[in-house]
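Worksheet: one structure, shown below.
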Amino acid sequence: MRSTNLAILIVALAIASIAQQPAPPPAAKPDADQVVLPKPTTNLERYRQSRISIYMNDYGQLARYRDANAALKPPAVDENRIVFFGDSITDGWKLADYFPGKPYVNRGISGQTTPQMLVRFREDVLDLQPKAVIILAGTNDIAGNTGPMTLDEIEANYRSLAELATASHVKVVYASVLPVNNYTEKAKEFFADRSPDKILALNRWLKNYCADHDCIYLDYFSAMVDDKGLLKKDLADDGLHPNAAGYKVMAPLAEAAIAQAAQGATH
């Protein structure tokens, strides 16, 4: 009997202890301003999510060349300094190998779009006091690296870059957007986000803009496109970024445009 009473007492104390415990707090409501990212399902979505820290902390990636810009001395009086400005196609171009001894400065940043380039244009181009700037941009805008963009929006950024350069007495050389292809599995990934029709439309706009605004149009496209309207297979291993053979085609065209800029010619 005593053991039964003891058991009842223990159970009663346990129940009382549980009853005295505070109720769990209600589940927190999600912040209305908090963005919950969906699980990426495409290569572009995976890429964009991997860049969130950059987009939030240094959208134009000014830190990339900050030290190099500070270390670069002003050009000599007779120095024909040229800045190559753009995205990964410029970033990956080892200028010293193709233009030995020339005072050419590379300010390309992989993955960038024209709105990002506008952010850093003063620090990475104008403040370096070049005679001319070769701008190669637009393929990542078409792809949507920093979000969807219309052709009108891309063209507006082209205008802004040119107007800033002209106001600072820097000659503008606008390079055509390069063709792309889908000849390999890797190439198909890039090709899916880059409409050949949009590339053609941007290049038509650039050519006309250059003719009307005293800029030089550097036509890489015509020298690199095949009979199917795509990038020649031997000029890029991934269908987008030129390999050594691709840059070998581009180099003399760039040099000719630089010579044209030095003469003040536009046609």
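Quick one: is Gly108 touching a Phe, Trp or Tyr at 6+ places or on another chain (Cβ under 8 Å) and of a type in the set (Gly, Ala, Ser)?
Values: touching a Phe, Trp or Tyr at 6+ places or on another chain (Cβ under 8 Å): yes; of a type in the set (Gly, Ala, Ser): yes.
Yes: the conditions hold for Gly108.
Select the helices (runs of 4 or more DSSP H) contained entirely in the range 157-244, then report the ones holding at least 3 residues which are among the aliphatic types (A, V, I, L, M) and either crowded, with 22+ Cβ neighbours inside 10 Å or touching a residue at least 12 places away in the same chain (Cβ under 8 Å) (or both). Even if it seems obvious, please write down each step before you answer.
Details: elements: 185-191, 196-212, 221-224.
Here the list reads 196-212.
Please tell me if Asn80 is touching a Leu at 6+ places or on another chain (Cβ under 8 Å) and either assigned to a strand (DSSP E or B) or in contact (Cβ under 8 Å) with a residue 40 or more places away in the chain (or both). First the steps, then the outcome.
Values: touching a Leu at 6+ places or on another chain (Cβ under 8 Å): no; either assigned to a strand (DSSP E or B) or in contact (Cβ under 8 Å) with a residue 40 or more places away in the chain (or both): yes.
Considered against the rule, which asks whether it is touching a Leu at 6+ places or on another chain (Cβ under 8 Å) and either assigned to a strand (DSSP E or B) or in contact (Cβ under 8 Å) with a residue 40 or more places away in the chain (or both), Asn80 comes out as no.
Inside the range 56-83, can you point out the residues that are among the aromatic types (Phe, Trp, Tyr) and within 18 Å of Ala96 (Cβ to Cβ)?
Let us first name the residues in the range 56-83 that are among the aromatic types (Phe, Trp, Tyr), namely 59, 65.
Within the range 56-83, Tyr65 is the sole residue that qualifies.
Any residue in the range 101-120 that's in contact (Cβ under 8 Å) with a residue 24 or more places away in the chain and within 17 Å of Ala261 (Cβ to Cβ): show its pairings with residues that are in a helix (DSSP H, G or I) and among the β-branched types (Val, Ile, Thr) at Cβ separation under 8 Å, as long as the two are six or more apart or on different chains.
Cβ pairs passing all conditions: Arg107/Thr90.
Return only the number of the condition from (1) modelled with pLDDT under 95; (2) crowded, with 19+ Cβ neighbours inside 10 Å that Gln61 does not satisfy.
Here Gln61 clears every test but (1).
Any residue at all in the range 141-150 that's among the polar types (S, T, N, Q) and more than 16 Å from Leu62 (Cβ to Cβ)? It would help to see each step written out before you state the result.
Within the range 141-150, the first condition is being among the polar types (S, T, N, Q), and the residues that meet it are 145-146, 150.
Then drop every residue that is not more than 16 Å from Leu62 (Cβ to Cβ), which leaves 145, 150.
Within the range 141-150, one or more residues are among the polar types (S, T, N, Q) and more than 16 Å from Leu62 (Cβ to Cβ).
The values are calculated or read from the model by the stated rules, or taken from the named source; none is laboratory data. Since this is a predicted model, take the numbers as computed values, not measurements. Don't worry about glycine lacking a Cβ; one is built from the backbone with ideal geometry, like all the others, and counts go over all protein chains shown.
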